[in-house]
Amino acid sequence: MVEAEVVRGRGLGLSGLAPRVAQSEIRAMTMESDLVGGVNLAQGVCDTEVPAVVLEAAKTAMDEGHNIYTRMDGIARLRRAIAEKTERMQSIVVDPEREVVVTSGATGAFHAVAMALFDPGDEVLLFEPFYGYHVGTLRSLRVVPVAVELDGTANWALDIEKVKAAITPKTRAIVVNTPSNPAGKVFTRTELEGLAAIAKEHDLFILTDEIYEHFIYGEARHISPASLDGMRERTIIMSGYSKTFSITGWRIGYIIADAKWIPAIGYFSDLLYVCAPAPFQHATAVGIERLGKTFYAGLAMEHEVKREMLLSALRDAGFDPYVPDGAYYILASMKGLGDVLEGENAAQRSRSLLRKTGVAAVGGSAFFRAGKGEDLLRFCFAKKDDDLEEACRRLRSLT
Ligand code: PLP
């Protein structure tokens, strides 16, 4: 009798992608901060108060039995609220039946959009310093992120020539994050118009992550690329309420796009997440309906005060902070600190800061290609006033 040959496959082991999927430095610092009882300015968890009306509405929604799957693109009431708000605040007309998908946060939105629009090997431009999840998500789909550096000597201005130089026949899209994490950059109309012209010329999508749209300071104004002339068809807006309502754990985000992209995006959002949490969809809808201009203006004002508080403490401690126009992070240079913080790179020096002051920040290298960002730390100021005051007091003790 001939013995059947044993077919041996590739064996036990991880996928080709897996070794590259390291734990994010932000989460690592959060864990280290928790271990020593530090004040965590590393993660954008946003632990400010949830608006009472939103909180109450979530409880009511659960009591009323909204605890089951929703339509894959979200409940009609929330899609309507998102469409109305977008038209009211950004003058972008949105059809809630055909142009909105409610997603599992802006993170789920980006993943579903990338699956729907890109193939392995496609190139997607994004701006450096970048948000790590954008890079990680693209890589997880074998899409190639191509970083285009912003000018750190000119408050992160965009050099449109660098964008043009980065385009190849494989380029499919440009990712814009405005206001941005970590730089707090709010793209100007001129910059966005420059990107729009390039997108039209090379037939590219613009993916715009606008999760911090309501966190805007001073003279800065939030402009969605979708509102620019002739850009609606090729712009995919990704946003959500994690930050605006301080509900990062609820996972409520959304996509606004031309109706022709929505079925594929919706398909992948369904495949990955089925739907966003049902009671929280209801609560977010109530929040959007009830909280108007005054709420959003108050949110920006409240965070502008927090920004000033942290900027001042960082300067007193010897850092040289960039002043963000939006979002709620500060990138601060450690150059002026000499060797007050020990370590050879940003990750080590952030740990030294945690040891010396009990304040957790993230090493700037998490937001740049290898070898860059080593003299920067990122601090989050979306914290309750008491915690932020304590962090400022501890930072001032550094020198
Ligand atoms: N996009 C950016 C730029 C972010 O900074 C964050 C959170 O830090 C997210 C998306 C995540 O948003 P969500 O909680 O809606 O997934």
Notebook entry, point to check: If we sort 216-225, 327-336, 84-93 on the protection proxy, mean other Cβ atoms within 10 Å, highest first, what's the order?
Noted result: 327-336, 216-225, 84-93
Next item on the list: Measure off, as a whole percent, the carbon and sulfur share of the 1.4 Å-probe accessible area of the chain, all protein chains present.
Entry: 53 percent
Notebook entry, point to check: Given +1 on the Cβ of Lys and Arg, -1 on the Cβ of Asp and Glu, and no further charges, what dipole in debye does the chain carry about its Cα centre, rounded to the nearest 20?
Noted result: 340 debye
Check: Out of residues 5 or more away from GLY240 or on other chains, whose amide H comes under 5 Å of its own, with H placed 1.01 Å from N in the peptide plane?
Finding: TYR254
Notebook entry, point to check: How many Å² of accessible area per residue for the chain, probe 1.4 Å?
Noted result: 45 Å²
Next item on the list: Set the Förster distance to 30 Å, then compute FRET efficiency between GLU233 and LEU272 from the Cβ-Cβ distance, nearest 0.05.
Entry: 0.75
Checklist line | Among 263-269, 146-152, 101-107, the order from most to least packed when residues are scored by Cβ within 10 Å on average | finding: 101-107, 263-269, 146-152
Item checked: Within the chain, helix-based [θ] at 222 nm, where runs of 4 or more DSSP H residues each add -39,500 (n - 2.57), nearest 500 -> -12000 deg cm²/dmol
Note to self: Less than 16 Å apart at the alpha-carbon level, and either on another chain or at least 8 residues along: which aspartates and glutamates does that give for LYS335?
What the structure shows: ASP316, ASP320, GLU344, GLU374, ASP375
Notebook entry, point to check: Can you pull the percent of Cα pairs in the chain with separation above 31 Å?
Noted result: 39 percent
Next item on the list: State which entries of LYS293/LYS384; LYS170/LYS306; LYS170/LYS260; LYS200/LYS384; LYS164/LYS260; LYS59/LYS306 exceed 32 angstrom in Cα-Cα distance in the structure shown.
Entry: LYS170/LYS306; LYS200/LYS384
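The values are calculated or read from the model by the stated rules, or taken from the named source; none is laboratory data. As the structure is a computational prediction, the values presented were derived from the model and not from experiment. Ideal geometry is used to build each Cβ from the backbone, glycine not excepted, and the neighbour counts take in all protein chains shown. Side chains included, ligands, DNA and RNA excluded: accessible areas come from the protein's heavy atoms. Shrake-Rupley method; radii C 1.70, N 1.55, O 1.52, S 1.80 Å.
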